[in-house]
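Comments concern the structure below.
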Amino acid sequence: MTRKIKVAAAQLGPISREESRSSAVNRMISLMREAKKKDANFIVYPELALTTFFPRWYFEKQSEIDKFFEKEMPNEATQPLFEEAYKLKMGFNIGYAELQIEDGIHHHYNTAILVEKTGKIVGKYRKIHLPGHEEFEPWRPFQHLEKRYFETGNLGFKVHQALGGKIGMCICNDRRWPETFRVLGLQGAELIALGYNTPVHYPLAPEHDHLQDFHNHLVLQSAAYQNGTWIVGVAKAGEEEKCDLIGGTCIIAPTGELVAECKTLGDELIVAECDLDRCKEIKENIFNFSLHREPQNYTLISAPK
Ligand code: ING
């Protein structure tokens, strides 16, 4: 029995600061319906897909920041998406800001979940590589305060048995770190879903602004090849609250080949048939970890800072 998944990548254009969650959810539902028409059974949405990318602003009050977070999932705003997915027998991956209250302590994570076709949440990931800075930096044209608003994820990089295969998740800046994908690859990941919000302008190195699209595909294509896994990378794209975000949503084969790519900076769906059995071409040959890896020579990689 082949293990082919028809995967949809649902790029979102800008979400304005005033846009309601239900408006964003309605946009995602129409992309899900389009995916169903194209026989997809798994759809991937961007990082922080319910709201505008709020770490671009400095907020004094925690109550202001918490307005962008979800206290439970599903909730009133996202229930329609879960119901539509259940009706369409569609699994999905979505990113959102998670407020978790544990022993009365408030924890804030940049989170993504994996939802099976049954509607059940079968995996959760909390972003580990948080880019940007902690304090307000007035020199910047926009802030990038993920280190201020989120805690480092505490769930590790995990692979989940779902959709007939081994599915991994990561989020945005995680994709720039090869360790992310190797830890998932060592667990046998066959498809890795991730969303991203990536500004074109990188204030600390503006001379690299023109390379953002190149770097986006560079890291994803090399990771797919080096770990023999499909990768689905999905952008929140376009000019969002005067900040240009890259697009470049793509589906990449275990060979590193880019098999589908969005061409706009708006809401756009691409689909591809991902044959999970093709991972073997890489995992059993060029990157056969048990045969070829030499971890006794890599200890520096996981040495503490
Ligand atoms: N955004 C960006 C990312 O890693 C960034 C931050 C932008 C880093 C450009 C380097 C260059 O894609 C998030 N949300 O991580």
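Worth pointing out:
- Residue-by-residue Karplus 3J(HN,Hα) for segment 158-165, coefficients 6.51, -1.76, 1.60, Hz, glycine and proline x: 10, 10, 10, 7, 7, 6, x, x
- As an equivalent ellipsoid, segment 195-248 spans semi-axes of 23, 14, 6 angstrom, where each value is the square root of five times an eigenvalue of the C-alpha gyration tensor, largest first.
- Share of alpha-carbon pairs per 10 Å distance bin for segment 1-45, given as whole %: 27, 44, 21, 7, 1
- The string of couplings for segment 137-144 from the Karplus curve (6.51, -1.76, 1.60, θ = phi - 60°) is 10, x, 5, 7, x, 8, 7, 9 Hz, one whole number per residue in order, with x for Gly and Pro.
- Descending principal axes extents, segment 170-291, alpha-carbon based, whole Å: 49, 31, 19
- DSSP-loop GluC sites (Glu not before Pro) across segment 232-278, with at most 11 other Cβ within 10 angstrom: Glu257
- With a threshold of 26 Å on the Cα-Cα distance, the over-threshold entries among Lys87/Lys147; Lys4/Lys283; Lys71/Lys236; Lys36/Lys158; Lys36/Lys236; Lys147/Lys280 are Lys87/Lys147; Lys36/Lys158; Lys147/Lys280.
- Scaled against 2.2 N^0.38 Å for its residue count N, the alpha carbon radius of gyration of segment 1-136 is 1.11.
- Distance in nm between pseudo-label sites at Ser222 and Ala303 (7 Å out along the Cβ direction from Cα): 2.1
- The Rg/Rh ratio of the chain, with both radii computed over alpha carbons and Rh defined as the Kirkwood radius, is 0.95.
- With the simple model of a label 7 Å out from the Cα in the direction of the Cβ, Ala205 to Lys280 spans 4.0 nm.
- Residues Asp103 and Phe214, FRET efficiency given R0 of 41 Å [Cβ-Cβ distance, rounded to 0.05]: 0.35
- Distant-in-sequence amide contacts of Val259, defined by a placed amide H-H separation under 5 Å and a gap of 5 or more residues or a different chain, comprise Ile251, Ile252, Ala253.
- DSSP-defined antiparallel bridges as percent of all bridges, segment 4-302, nearest 5: 65
- Of the residues Thr78, Thr2, Thr255, Thr152, the one with the fewest other Cβ atoms within 10 Å heads the list, and the complete ranking is Thr2, Thr152, Thr255, Thr78.
- Loop-resident sites, segment 28-98, for GluC sites (Glu not before Pro), counting at most 11 other Cβ within 10 Å (DSSP): Glu60, Glu72, Glu76
Every number here is computed from the coordinates shown, using simple stated rules; none is lab data. All of these numbers come straight from a predicted model, not from anything done at the bench. For neighbour counting, all protein chains shown are included, and Cβ atoms are generated from backbone atoms with ideal geometry for every residue, glycine included.
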